[in-house]
Amino acid sequence: MSLMESLYLLENPESFGGYSSPVDKSRFLLVGFPYDSTSSYRPGQRFGPSEIRKASRYIEYNSLRAGVDIDYHGGISDLGDVAVVYGDPKETVRRVEDVYKDVSTQRDKTIVMIGGEHLGTLGALSAYRSLEPCLVWIDAHMDLRKEYLGCLYSHASVVRRLWEKYGGRLSVFYLGARGFSPDEFGFAESKGFEVVTSLEARDIGLEMTVLKAKRFLSSCNRFYVSIDMDVFDPSYAPGVGNPEPEGLSPSFVLDFLWRIIDDRIIGFDVMEANPSYDPSGITSVLAAKLVVELSAMVFKRKYLKG
Ligand SMILES: [Mn+2]
């Protein structure tokens, strides 16, 4: 089966970076998740993937940290958007899983998702179950609710559903958490998840945060990185569904990632960009920048082994 023959992929008139590099020449395959059906406060994330693509046309492809320009290394092939079903989150998750299973037949490539509510990550990681990846969850929230507003497949219960799907064999490192219920924190503690809250990250600083993450990752054969745009302080990223004050800075998160990413990474996503609450467009620009920076980091560490 060819890469583009996934049943649930729809072409998007915008391509990341303004054009889609050919699949066979690209290390990175980008998939959009235009969804916001379970949004509990401010919907609009369904427009995230298109706006991130627009913003990506006007930023450079070089990474100061990784020292590479992924445009010169084949770039990113934009496969379009998942054909989501508004109002049916369970079926939507199944479709994301299907897309990832179709696309991940090309093992030398890394799939990148842009979203769209965080629920998309559940589908992506369901497809990777056999690889048993650890999870680095960079988010203001823990997404560990047993259910939310009567909905099992909710943006607020993504990690909980995932933990169940993995049969309890899931290790999670949380960075930047600050908005969660006592039940969620208790669940995380009882499962041995590592949590560095946003205030703790500020207090212990970058190097100690990195040290904790490296210690956590030392027992992982593979890992996946998921970024919710609401991990950033709302002053950097106002366009999200559930803003939480006292967030992290983009430089802190990128410095952190540059220090932990290595050849064990299997994929990453940048989720919850909400253009409806992003009047100046800075959230979409930051999301596009994150895709470029992380791709460059993964390219350097995984493909160049640098
Ligand atoms: Mn969140």
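The values are calculated or read from the model by the stated rules, or taken from the named source; none is laboratory data. If you're wondering where the values come from, they're calculated on a predicted model, not measured in any experiment. Reconstructed Cβ throughout: ideal geometry from the backbone, glycine too, with neighbour counts over all protein chains shown. Accessible surface areas use protein heavy atoms only, side chains included; no ligands, DNA or RNA. Shrake-Rupley method; radii C 1.70, N 1.55, O 1.52, S 1.80 Å.
Here is how the numbers come out for the structure above:
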{"quantity": "Residue-span extension gain [Glu189 to Ile282] - 0.36 nm each, minus C-alpha spacing", "calculated": "30.0 nm"}
{"quantity": "Cα extents of the range 62-168 along the three principal axes, largest first (Å)", "calculated": "48, 27, 26"}
{"quantity": "Dipole in debye (nearest 20) - the chain, about Cα centre, beta carbon charges: Lys, Arg +1; Asp, Glu -1", "calculated": "880 debye"}
{"quantity": "Chain lengthening between Glu246 and Tyr86 when straightened (0.36 nm per residue, less Cα-Cα)", "calculated": "54.4 nm"}
{"quantity": "Sulfur and carbon atoms: percent of accessible area, the chain [1.4 Å]", "calculated": "49 percent"}
{"quantity": "Cysteines in the chain that, by Cβ-Cβ distance, have no pairing candidate under 4.7 Å", "calculated": "Cys151"}
{"quantity": "Inter-site label distance for Lys25 and Arg215 at 7 Å from Cα along Cβ, in nm", "calculated": "4.7 nm"}
{"quantity": "Solvent-accessible area per residue, Å², over the range 138-218 with all protein chains present [probe radius 1.4 Å]", "calculated": "45 Å²"}
{"quantity": "Equivalent ellipsoid, the range 3-303 (semi-axes from 5 times Cα gyration tensor eigenvalues, Å)", "calculated": "25, 22, 20"}
{"quantity": "Modelled FRET efficiency - R0 35 Å, Leu7 with Arg222, Cβ distances, 0.05 increments", "calculated": "0.85"}
{"quantity": "Neighbour cut-off at most 12 other Cβ (10 Å), DSSP loop, GluC sites (Glu not before Pro), the range 1-86", "calculated": "Glu11, Glu60"}
